[in-house]
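Trainee: Pasting a structure here, questions to come.
The values are calculated or read from the model by the stated rules, or taken from the named source; none is laboratory data. All figures in this text were calculated on a predicted structure; none of them were measured in a lab. Here the Cβ positions follow ideal geometry from the backbone for every residue, glycine too, while neighbour counts run over all protein chains shown. For the accessible areas, the whole protein counts, side chains as well, though only heavy atoms, and no ligand, DNA or RNA atoms are used. Shrake-Rupley method; radii C 1.70, N 1.55, O 1.52, S 1.80 Å.
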Amino acid sequence: GGGMAAGISGALIGGWWVPRLGRVKALVGFGVLQALSLLGYWWLSVSPMQIDAVLVVTVIEHFVGGMTAAALFTLMMDACRHPLAGTDYTIQASIQVMMAGAMHTVSGFSAKWFGYEVHFLMAFALGTIALLPIALWLRTVPEIQQQAWHLSKP
């Protein structure tokens, strides 16, 4: 329950911050925070079990995950062609959900094979590496997204 409330709160606050920071800065900044929040789970894996610590780490990770989702979904909406916006967004969201589901499935095996300590360090590393393609994408941002960015400045 705490994680769910934190995720919703993070999405609302992230949605407020996205236009103020700019879409790409918000995605990168929130993405860095989300990757760092995974280190909280690593810390839990090497520390004595304390339920309060689990709650705090979960709330932080879900909160920044909600912020990241707000930035990502905003950029996904920007990439939609106006006459086909519903279809374009649905395809993008479906790809995101399928990828998340695949990663969640693999994560269980990863934790079993490598142990939680290594698993969460790898999650942090992958979360950080996943931000690198943004630099390549920025060189070829589609015109429809650039137009959306210019129209949405506060």
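Trainee: Kindly evaluate His119 against the criterion of being in a helix (DSSP H, G or I) and crowded, with 16+ Cβ neighbours inside 10 Å.
Mentor: Answer is yes for this residue.
Trainee: Pairs under 6 Å by beta carbon, first residue among the acidic types (Asp, Glu) in the range 99-128, partner open to solvent by 30 Å² or more (accessible area, probe 1.4 Å) and assigned to a helix (DSSP H, G or I), six or more apart or different chains?
Mentor: Within 6 Å, the pairs are Glu117/Ser45; Glu117/Val46.
Trainee: Could you count how many residues in the range 75-106 are loosely packed, with under 12 Cβ neighbours inside 10 Å and farther than 12 Å from Gln145 by Cβ?
Mentor: Residues flagged as loosely packed, with under 12 Cβ neighbours inside 10 Å and farther than 12 Å from Gln145 by Cβ within the range 75-106 amount to 16.
Trainee: Being in a helix (DSSP H, G or I), touching an Asp or Glu at 6+ places or on another chain (Cβ under 8 Å) and of a type outside the set (Ser, Thr, Tyr) is true for just one of Gln92, Gln96, Gln145. Which residue is that?
Mentor: Criteria check complete, one pass: Gln145.
Trainee: Look through Thr128, Thr58 and report the one residue that is under 18 Å from Gly29 (Cβ atoms), part of a helix (DSSP H, G or I), in contact with a helix residue (DSSP H, G or I) (Cβ under 8 Å, 6 or more places away or on another chain) and not acidic (Asp, Glu).
Mentor: Exactly one of Thr128, Thr58 is under 18 Å from Gly29 (Cβ atoms), part of a helix (DSSP H, G or I), in contact with a helix residue (DSSP H, G or I) (Cβ under 8 Å, 6 or more places away or on another chain) and not acidic (Asp, Glu), namely Thr128.
Trainee: Within the range 61-101, track down each residue that is within 30 Å of Tyr41 (Cα to Cα) and among the polar types (S, T, N, Q).
Mentor: Of everything in the range 61-101, those that are within 30 Å of Tyr41 (Cα to Cα) and among the polar types (S, T, N, Q) turn out to be Thr68, Thr74, Gln92, Ser94, Gln96.
Trainee: Quick one: is Val28 among the aliphatic types (A, V, I, L, M), at pLDDT below 95, part of a helix (DSSP H, G or I) and under 24 Å from Glu143 (Cβ atoms)?
Mentor: Spelling it out, Val28 is indeed among the aliphatic types (A, V, I, L, M), at pLDDT below 95, part of a helix (DSSP H, G or I) and under 24 Å from Glu143 (Cβ atoms).
Trainee: Can we say Val18 is closer than 19 Å to Leu131 by Cα, in a helix (DSSP H, G or I) and of a type in the set (Val, Ile, Thr)?
Mentor: Here the answer is yes, as Val18 does meet what is asked.
Residue-by-condition table, conditions (1) closer than 12 Å to Met67 by Cβ; (2) surrounded by 19 or more Cβ atoms within 10 Å (Cβ to Cβ); (3) under 13 Å from the mean Cα position of the chain (by Cα):
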| residue | (1), (2), (3) |
| --- | --- |
| Gly1 | no, no, no |
| Ala5 | no, no, no |
| Gly10 | yes, yes, yes |
| Trp16 | yes, no, no |
| Gly22 | no, no, no |
| Val32 | yes, no, yes |
| Ser37 | yes, yes, yes |
| Trp42 | no, yes, no |
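Trainee: When you look at Ala53, is it in a helix (DSSP H, G or I), within 15 Å of Leu131 (Cα to Cα) and open to solvent by less than 30 Å² (accessible area, probe 1.4 Å), yes or no?
Mentor: No; evaluated as a whole, the condition is false for this residue.
Trainee: Spot the failing condition for Thr68; the list is (1) part of a helix (DSSP H, G or I); (2) over 22 Å from Ala125 (Cβ atoms), and only one is missed.
Mentor: Against the list (1) part of a helix (DSSP H, G or I); (2) over 22 Å from Ala125 (Cβ atoms), Thr68 comes up short only on (2).
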